[in-house]
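The values are calculated or read from the model by the stated rules, or taken from the named source; none is laboratory data. Owing to the predicted nature of the structure, the values given are computational and were not obtained by experimental measurement. Virtual Cβ from ideal backbone geometry, glycine too; neighbours counted across all protein chains shown. Quick note on the areas: whole protein, heavy atoms, side chains included, nothing else; ligands and nucleic acids left out. Shrake-Rupley method; radii C 1.70, N 1.55, O 1.52, S 1.80 Å.
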Amino acid sequence: MTNPAPQNSLAPKSAPNPADKTRKQLIAIIVLLVLIIAMFGVILTLKVSRDRAGVAAEQGASSTSGGGAAAGNGASEETVKKVVTVYKEVLANPNPSVRSSEFSVAPLEIGAETSYALVDLNSDCVPELLLNYGPQPPLHEISVVGIFGVDDAGQKVDFGKLYHDGVAGAGGARFSLQQADDGRGLLYHYGSARDPHTMRITRDGSQISEAPDSATGQQISWTPSGDTNPLDQLGTSPNCEGAGSGSSGSGGQPLADGPNPTAGAGASGRGGGAGAGSGANTVGNSMYDTQKPADESQRYVTQTVTGTVKIFQTQEEVLAFEQRANPNPGTSKGPFAVLILDQPKEVTAYLAGGERRLETRTVKKVVVNPDNYTDGQRVTISFIPDETQWPSSPDVPGGLRVEDIPYRG
């Protein structure tokens with residue numbers, strides 16, 4: 001009897017299923033992706049937490065450093081109170097450390113009719129004080145302006161710089177301080193019509209920084225030093241908008257050849273300052289970027305301007321309209337008339353002085369004969385450059401005279 005052949009106790013293995021292998025690989029990939037996403041979520045959460053902690057620390061530091069120079073989006077109450085106190089003291093005793101400038105060797109004369117404006121020169125929500133000392137000898141058409149500030153300890157900072165504002169009656173020298181349209185400090189225009197320059201003025205700690213610039217600006221409206229309302233309002237509105245450009249009372253964009261006629265009474269300008277601040281403007285000189293030489297071929301070209309006549313009975317009414325003081329006290333009496341143009345227009349006239357040269361400027365008003373019109377009358381006036389000239393002195397009213405104006409002494 002024969003024994004059967006032994007059988008293999010291990011059954012043959014079946015071939016692996018391709019579908020199962022693919023499924024396992026997909027599961028592994030999904031698990032890996034979930035882990036990666038979870039890891040990125042943890043990293044992002046940690047980063048956001050650190051950023052928030054850093055912002056909170058910076059805000060806490062800014063609210064306690066330097067006497068509270070800034071808190072949130074504005075100056076702290078404590079800082080505002082110090083600024084108001086210091087600036088009122090300066091207005092009461094307007095004595096700068098520098099008493100003469102490169103333009104005038106005569107000591108600074110401080111009269112009773114000083115004026116001021118508030119402009120933030122370093123975007124820290126704390127405005128600096130511009131103090132206008134009025135016209136100074138030997139060129140009485142040009143005012144002198146000083147700048148003051150407050151340091152972190154709440155003490156007065158006299159920057160020891162004097163700037164000019166106005167147009168010389170002879171020699172062609174012209175100066176203009178403006179508040180920069182971009183909110184970064186002041187623009188200082190100086191030179192002559194043929195050689196103009198612009199410099200930006202900002203604050204750098206306890207120093208004034210000056211650098212060439214080509215930005216645009218708007219005229220500064222000056223407040224009489226006896227009127228502290230802008231400072232008092234600063235105390236009740238401790239924020240960047242109130243402490244910065246809003247406090248300067250600029251009254252919006254100026255006329256190209258004179259102060260803004262729609263500005264409120266609170267923005268009324270003081271003489272030399274406003275008369276000079278708009279100095280280059282109020283005598284008919286537009287801003288430098290709107291002045292250009294004109295060819296002699298335009299000498300007899302007819303020009304027309306259209307607008308509405310405004311009549312003033314006294315010089316005081318004109319000066320209130322133009323926001324400046326009388327540059328020539330005791331001069332011609334009213335009535336006076338200006339034609340407020342429907343829109344700014346380029347006109348050409350001869351420059352006053354020895355050199356007879358045509359120049360084109362942009363104007364928003366011209367001076368007309370009050371005997372020819374009534375208040376509110378709509379008119380169109382024609383004239384040629386050969387018969388008109390840009391004034392070289394701060395007349396009342398300021399601007400290009402396109403008609404013969406009677407003198408009433």
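Is one or more of the residues making up the stretch 217-229 within 11 Å of the chain's Cα centre (by Cα), modelled with pLDDT under 90 and not in a strand (DSSP E or B)?
So far as the stretch 217-229 goes, yes, one or more of its residues are within 11 Å of the chain's Cα centre (by Cα), modelled with pLDDT under 90 and not in a strand (DSSP E or B).
Step by step: first the residues of the stretch 68-99, then only those that are open to solvent by 70 Å² or more (accessible area, probe 1.4 Å) and farther than 20 Å from residue 147 by Cα, then the one that is modelled with the lowest pLDDT. Which residue is that?
Among residues in the stretch 68-99 that are open to solvent by 70 Å² or more (accessible area, probe 1.4 Å) and farther than 20 Å from residue 147 by Cα, the one modelled with the lowest pLDDT is 72.
Might you check whether a residue that is open to solvent by less than 60 Å² (accessible area, probe 1.4 Å), assigned to a helix (DSSP H, G or I) and at pLDDT 85 or above occurs anywhere in the stretch 321-337?
yes
Residues being modelled with pLDDT of 70 or more, outside any strand (DSSP E or B) and not hydrophobic (A, V, I, L, M, F, W, C): count how many of those fall in the stretch 105-122.
Summing the residues that are modelled with pLDDT of 70 or more, outside any strand (DSSP E or B) and not hydrophobic (A, V, I, L, M, F, W, C) in the stretch 105-122 gives 5.
Report whether or not residue 318 is assigned to a helix (DSSP H, G or I), modelled with pLDDT of 50 or more and open to solvent by less than 10 Å² (accessible area, probe 1.4 Å).
Yes, satisfied.
Residue 170 - would you say it is modelled with pLDDT under 85, in a loop (DSSP other than H, G, I, E, B) and open to solvent by less than 40 Å² (accessible area, probe 1.4 Å)?
When the stated conditions are applied, residue 170 does not pass them.
Out of all the residues in the stretch 140-157, which are assigned to a strand (DSSP E or B), closer than 18 Å to residue 231 by Cβ and open to solvent by less than 50 Å² (accessible area, probe 1.4 Å)?
145, 146, 147, 148, 149, 150, 157
Looking only at residues in the stretch 176-215 that are among the polar types (S, T, N, Q), at pLDDT 80 or above and assigned to a loop (DSSP other than H, G, I, E, B), which one is least open to solvent (accessible area, probe 1.4 Å)?
Here the answer is 206.
Confirm whether residue 397 is outside any strand (DSSP E or B), touching a helix residue (DSSP H, G or I) at 6+ places or on another chain (Cβ under 7 Å) and at pLDDT below 80.
no
Which pairs turn up if I take residues in the stretch 193-214 that are without any contact (Cβ under 8 Å) to a residue 60 or more places away in the chain and look for partners that are crowded, with 16+ Cβ neighbours inside 10 Å and assigned to a loop (DSSP other than H, G, I, E, B) with beta carbon separation below 6 Å, at least 6 apart in sequence or on another chain?
If the second residue must be crowded, with 16+ Cβ neighbours inside 10 Å and assigned to a loop (DSSP other than H, G, I, E, B), the pairs left are 200/185; 200/213.
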